[in-house]
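Everything below concerns the one structure shown next.
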Amino acid sequence: MSTSEGALTNESDNQQLEAVRSLATNLRWTWHAPSADLLASIPGADATAHPLANLAKVSADQLEPWLDANRTTIAELASELTAATASANEPAIAYFSPEFGIAAQVAQYSGGLGILAGDHLKAASDLNLPLVGVGLLYRQGFFRQAITDGSQAERYEEIEPALIGAADTGHVISVSIGGSDVACRVWTQWVGRTRLVLLDTDVETNTPAQRKITDRLYSGDRTHRLEQELVIGVGGVRALRALDIAPEAFHLNEGHACFLLLELLVEHMADGATLDESIAAVRASTLFTTHTPVPAGIDRFDRSLITPEMKPWATKLGIDVKTLLDWGLLPSDGAAKPFNTAAFAFELCGRANGVSQLHATVSRELFTTLPRAANVTGITNGIHARTWVTPPMQDLYDSTLGAGWENGAPDAWANVGNLDRDRFFAIRDQGRSDLVDLVETSTGTKLDRTAPVFGFARRFATYKRAALMLRDLEGLDAALQAGAQFVFAGKAHPADNDGKAVLAEIAAFAASDASRGRFVIVPDYDITIAQKMYAGCDVWLNNPIRPREACGTSGEKAALSGGLNCSILDGWWADWYVDGIGWAIPTSPSTDTEIRDDAEAKAMNAQLLNSVVPLFADQDAWWSTVQAMLVHLGPRVTAGRMVAEYNARFYEPIRSRLTP
């Protein structure tokens, strides 16, 4: 009999079980090691499942002795969590994002945008920032990946909200889509002290088509995408109102939630403001963060598709629909004049930023025809340290660096010279060994536990050039023979056939004799695999077409874990690279893409052979480089630093209604 069937008869045990459920429901366990350790010890626990799902399956006979053995630990952790959540401030900042990457067991993310959003919530919790997240609850999430016969295959799994810690608030709001009201159930999750509000259209009163609006992340056609964006933007504001949450600042993490701006305008006008006064008020309360340096990365909707949805809003605002649509006009989009969500956000948000200094510069150029985009500034993304650094390395940092290292405290990172070298290398060696085990389990290939591992893991978009090194097979073979070994992972969007072709090229080489059994691709990339790779890869590779990487944070995670970066000077690496902390891959000045890619492939492979592999063989020199890297990057790459910067530069001025 499972615990879900109520088999526990002892009242004390039931109280203990409720305490464990509270620990499993709040996603703080994703970065709080003592809570994670306790939940991982649930009898028969499946590490790939959410702890609540594991609790639902365990029998009373197994559970009772476990509760008894862990009684003191459960009480202490539950008391600590209760105190932490009780100290949370009332939300004053609403952070809208289409995805949140918080845990592998909560499949509500696809890649970098979601991972950043999850780290933002976690850092806000650590800093006790009065922030609430707003997004969608996808009943099938993002796809699981298999690599079959060298090609990507996708499958989706149904998600039960209660088993990922989502609580039904009892509120249902509606959003008009396609001329009909669509009911949206409002859920909440807790991420430490931070609340996350999620909307879901799988409601009985909706039509079958309406119920599928929030079925999958980044799936379906343009109509499906538009419907989702109306739900997250308009519905998100209405959900906050239903929960009596009254933010002073609204932060749009990309343009997917841009329709919240219409809802805010209508609210102000309903209170008696003129349109001009309403626009001024909305601009005073909003921040738009753009995440793409390329036009193809921006959501656009044909006017024929979006006009019917915008007509009612234009009527409410007292303007014609063309005027409203022109707020979303980017002249460089051409004669068809599609509705550009980024242009719309720039027009109605009072502040805007890019996600690295280089990206801010590129954004000002990309949106040069938009006067309100001229003042885009940069806040370089950071990563949530206690999510991505392994507990053993955290323990070393805690005992040596001292308080605040996880939030980028410079005084803490100044103590890097005191790190115990032998202990540091032992942790790194164990991480590499664990990665070797993962590779063998998932691919059948057994790598060398003592040779340097080079990692590449991210979305298989063509501009990221995952297969770049394969353009120089002679240079790659020399690196393989010198001892280098390569671990790749990542997913291509289901509709991205070009990205799938790149993945197939990587898989084909990995399966060939030319790989020498030292080049692999791990399937079903997710947060758990990423954590293993950051802990186990000695060098992190990143070779996008410059300047198309807005930021990219995977290399930051590798760095805090003690790995070195070898990267094109793009995104965060362009902001913070200095000589002696890793390697900058030389770039070609050629405008011919074939010449450029061939030159950069040869330069990268030569660098690996002539600089990186020899340095790894000299452990004294390697240690000196790692120390220099940690001193330089430690204060810079954390989400604690990033969120504190957002608060100082944007949230506080917005809340104080200071002029941008």
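The values are calculated or read from the model by the stated rules, or taken from the named source; none is laboratory data. All of these numbers come straight from a predicted model, not from anything done at the bench. Backbone-built Cβ (ideal geometry, glycine too); neighbour counts: all protein chains shown. Surface areas here come from the heavy atoms of the whole protein model, side chains and all, with no ligands, DNA or RNA. Shrake-Rupley method; radii C 1.70, N 1.55, O 1.52, S 1.80 Å.
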Considering only protein heavy atoms and a probe of 1.4 Å, how much of the accessible area of region 334-482 is carbon and sulfur, as a whole percent? 48
Segment ALA280-SER433, length gained on full extension (0.36 nm per residue, minus Cα span): 49.4 nm
Sorted by mean Cβ packing within 10 Å, highest first, what order do the peptides 479-488, 563-572, 172-181 take? 563-572, 479-488, 172-181
Accessible surface, per residue, of the chain when the full set of protein chains is kept, probe 1.4 Å, Å²: 37
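According to the square roots a ≥ b ≥ c of the eigenvalues of the Cα gyration tensor, what is the shape class of region 119-263, taking rounded for a/c under 1.5, prolate for a/b larger than b/c otherwise, and oblate for the remainder?
oblate
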Assign one of three labels to region 489-560, namely rounded, prolate or oblate, based on the Cα gyration tensor with a ≥ b ≥ c the square roots of its eigenvalues; rounded applies when a/c is under 1.5, prolate when it is not and a/b is larger than b/c, and oblate otherwise. oblate
Taking N as the number of residues in the chain, what is its Cα Rg relative to 2.2 N^0.38 Å? 0.96
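Using per-residue counts of other Cβ atoms within 10 Å, averaged over each peptide, order 9-21, 234-246, 186-198 from highest down. Could the numbers behind the result be given before it?
Details: 9-21: 15.5, 234-246: 20.5, 186-198: 23.6.
For the peptides 9-21, 234-246, 186-198, the packing ranking is 186-198, 234-246, 9-21.
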Quick calc, the chain, dipole around Cα centre from Cβ unit charges on Lys, Arg (+) and Asp, Glu (-), nearest 20 debye, gives 1140
Using 7 Å Cα-to-Cβ label points, what is the SER151/ALA246 separation (nm, one decimal)? 5.7
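Pairs LYS464/LYS602; LYS464/LYS500; LYS464/LYS532; LYS557/LYS602; LYS446/LYS532; LYS491/LYS557: which are spaced more than 24 Å apart, C-alpha to C-alpha?
Those over the limit are LYS557/LYS602.
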Size of region 28-165 as Cα extents on the principal axes (Å, biggest first): 48, 44, 22
Sorted from largest down, what three extents in whole angstroms do the Cα atoms of region 225-334 have along their principal axes? 39, 29, 24
Can you compute the FRET efficiency between ASP420 and ASP181 using 1/(1 + (r/R0)^6), with r the Cβ-Cβ distance and R0 = 56 Å? Round to the nearest 0.05. 0.35
Residue among LEU137, PHE250, ALA166 farthest towards the positive dipole end of the chain, charges placed on Cβ: PHE250
Quick check: the distance between the Cα centres of region 581-660 and region 217-294, to the nearest angstrom? 33
Computed label-point distance, nm, for sites GLU440 and ALA296 using a 7 Å Cα→Cβ extension: 4.0
Ratio Rg/Rh, restricted to region 381-426 and using Cα atoms, in which Rh is the Kirkwood radius: 0.95
Using alpha carbon centroids, what distance separates region 159-204 and region 345-382, in Å? 31
Mind listing which GluC sites (Glu not before Pro) in region 131-231 are in a DSSP loop and have 16 or fewer other Cβ atoms within 10 Å? GLU157, GLU158, GLU204
So what's region 576-660 giving for Rg/Rh, alpha carbon basis, Kirkwood Rh from the mean inverse pair distance? 1.21
Tally up the carbon and sulfur contribution to the accessible surface of region 8-146 as a whole percent, 1.4 Å probe, everything protein left in place. 50
Sulfur and carbon atoms: percent of accessible area, region 519-660 [1.4 Å]: 52
What distance in nm separates the simple spin-label points at THR48 and ASN89, each placed 7 Å from Cα in the Cβ direction? 4.1
Using alpha carbon coordinates only, what is the Rg to Rh ratio of region 388-496, with Rh defined as the Kirkwood radius? 1.06
Cut-off 18 Å (backbone N to label point 7 Å along Cα→Cβ of ASN70), residues of region 157-184: 163-165
Shape call for region 349-440 from the C-alpha gyration tensor, a ≥ b ≥ c root eigenvalues: rounded (a/c under 1.5), prolate (a/b greater than b/c) or oblate? prolate
